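Student: I'd like to ask some things about the structure below.
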Amino acid sequence: MPSFDFSDSIGRWMPRAPEMAQLLNANSIVIPHLERFLNRVMARARAELKGDDPEKARIRADISTFIKQESCHYTVHGAFNEMMLRNGYDRLPELEKDIVAHYDRLLATKSLPFLIAYCEGFESLTPPVASGWFDGSMDPIMKNADPNPANMWRWHIMEEFEHRTVCHDAFEAIHGGYWLRFYGFFYQFVSMERMVGRVYRYLLSVDRQTMTSEEIKRSKTGARRSVIGFFTPIIGGMAKILHPRYTPRAIPEPKGWDATRSDIEANWMKPQQAPALAEG
Ligand SMILES: [Fe+2]
Ligand SMILES: [Fe+2]
């Protein structure tokens, strides 16, 4: 569990690209609901993968680690999102009700193979966006950014890359059909962008309430640039993801990923609690 402190953070935490910060924040609002859903689906998948087969036992163990990592992610994003609420984005709980309803509806009405394909749809999107967070190419827009949310994202994407095979393995073990994976990918993608888009438009509308017409014009240009910058690596990665023989195992480790993990572990982890002394 990392130790980010959002008590002095603000929504526009990237001075060079505040609209990009708000696009990431809109993702952060959806993420705790999405990740609770991922955990519920993957717990169902783990229960389905019964038996002593070593491959199934390995996937079950990977799912258990996955669930622990996602639980840390939604706890930290939840703390960040509370900061947003304190900072005057007070209609967020209203928007979040629809997000919760989306995941509840899926859990109540869809088959387990579809739900895993949906989860894999989300998980497969991290590797294409990962390298930008580790190789220094985002440094110019991150100049003077608040290090707490910036490193929250580096930590989260670092761990997403780490567990990139888990949903894919579970899907292959339980169903493995190409067209269901294809359908789950697009269903997830469209649903996620609809929910994130709605939150993003709301966050920008709050910011623009106090802007001059010149500032609003600049904000609109910044928002267009942010959306293009956000989606370019995703669209670029889609051909690989949608290939029938796609496997996240074939994705090379992004440059700087390992160094990012060492940096986060050295500088941002909560100190380990001392183990209880044995009696006597
Ligand atoms: Fe996550
Ligand atoms: Fe994940």
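The values are calculated or read from the model by the stated rules, or taken from the named source; none is laboratory data. Bear in mind that the values here come from a model prediction, so they are computed numbers and not experimental data. Note that we place each Cβ from the backbone using ideal geometry, even for glycine, and neighbour counts take in every protein chain shown. Surface areas here come from the heavy atoms of the whole protein model, side chains and all, with no ligands, DNA or RNA. Shrake-Rupley method; radii C 1.70, N 1.55, O 1.52, S 1.80 Å.
Student: Work out, step by step, the length gained on full extension between LYS220 and SER205: first 0.36 nm times the residue separation, then minus their alpha carbon distance; give nm to one decimal.
Tutor: 4.3 nm
Student: Hey, another quick one. At a 1.4 Å probe, what is the % contribution of carbon and sulfur to the accessible area of region 80-171?
Tutor: Roughly 51 percent of what the probe reaches on region 80-171 is carbon or sulfur.
Student: Once amide H atoms are placed 1.01 Å from N in the peptide plane, what residues at a sequence separation of 5 or more from MET211, or on another chain, have their amide H within under 5 Å of its amide H?
Tutor: none
Student: Then there is this: Please get the size of the charge dipole for region 1-102, origin at its Cα centre, with Cβ charges of +1 on Lys and Arg and -1 on Asp and Glu, quoted in debye to the nearest 20.
Tutor: Once rounded to the nearest 20, the dipole reads 200 debye.
Student: Would you mind checking the tilt of helix 18-48 against the longest principal axis of the Cα atoms of the chain, expressed as 0 to 90 degrees and rounded to 10?
Tutor: 20 degrees
Student: Now for a separate question. Need the C-alpha centroid separation for region 78-115 versus region 214-262, integer Å.
Tutor: Answer, in whole Å: 23.
Student: Here is a follow-up. Under 20 Å from the 7 Å Cα→Cβ point of TYR183, by amide nitrogen: which residues of region 105-132?
Tutor: Label zone hits: 105-124.
Student: How large is the dipole of the chain about the Cα centre if only Lys and Arg carry +1 and Asp and Glu carry -1, each at its Cβ, rounded to the nearest 20 debye?
Tutor: My answer is approximately 900 debye.
Student: How large is the accessible surface per residue of the chain, computed with a 1.4 Å probe and reported in Å² as a whole number?
Tutor: Solvent-accessible surface per residue comes out at 50 Å².
Student: Let me ask you something else. Taking the Cα centre of region 132-252 as origin and charging only Cβ (+1 Lys, Arg; -1 Asp, Glu), how large is the dipole, in debye to the nearest 20?
Tutor: Using Cβ point charges on Lys, Arg, Asp and Glu, region 132-252 gives about 520 debye.
Student: How high is the FRET efficiency from SER262 to SER71, r the C-beta distance, R0 25 Å, rounded to 0.05?
Tutor: 0.60
Student: What 222 nm value per residue comes from the helices of the chain, counting each DSSP H run with n ≥ 4 as -39,500 (n - 2.57) and dividing by all residues, nearest 500 deg cm²/dmol?
Tutor: One gets -24500 deg cm²/dmol as the mean residue ellipticity at 222 nm.
Student: Among the aspartates and glutamates, which fall within straight-line cross-link reach of LYS270, defined as a Cα-Cα distance under 12 Å, with same-chain neighbours fewer than 8 residues apart omitted?
Tutor: Partners within reach: ASP5.
Student: Can I ask one more? When the solvent-accessible surface of protein heavy atoms is calculated with a 1.4 angstrom probe, in what order do GLU82, GLU160, GLU215 fall, highest first?
Tutor: Ranked from most to least accessible, the order is GLU82, GLU215, GLU160.
Student: Here's something else I'd like to know. Testing the spin-label approximation: label points 7 Å from Cα along Cα→Cβ at ASP104 and VAL227. State their distance in nm.
Tutor: Here the modelled spin labels are 3.0 nm apart.
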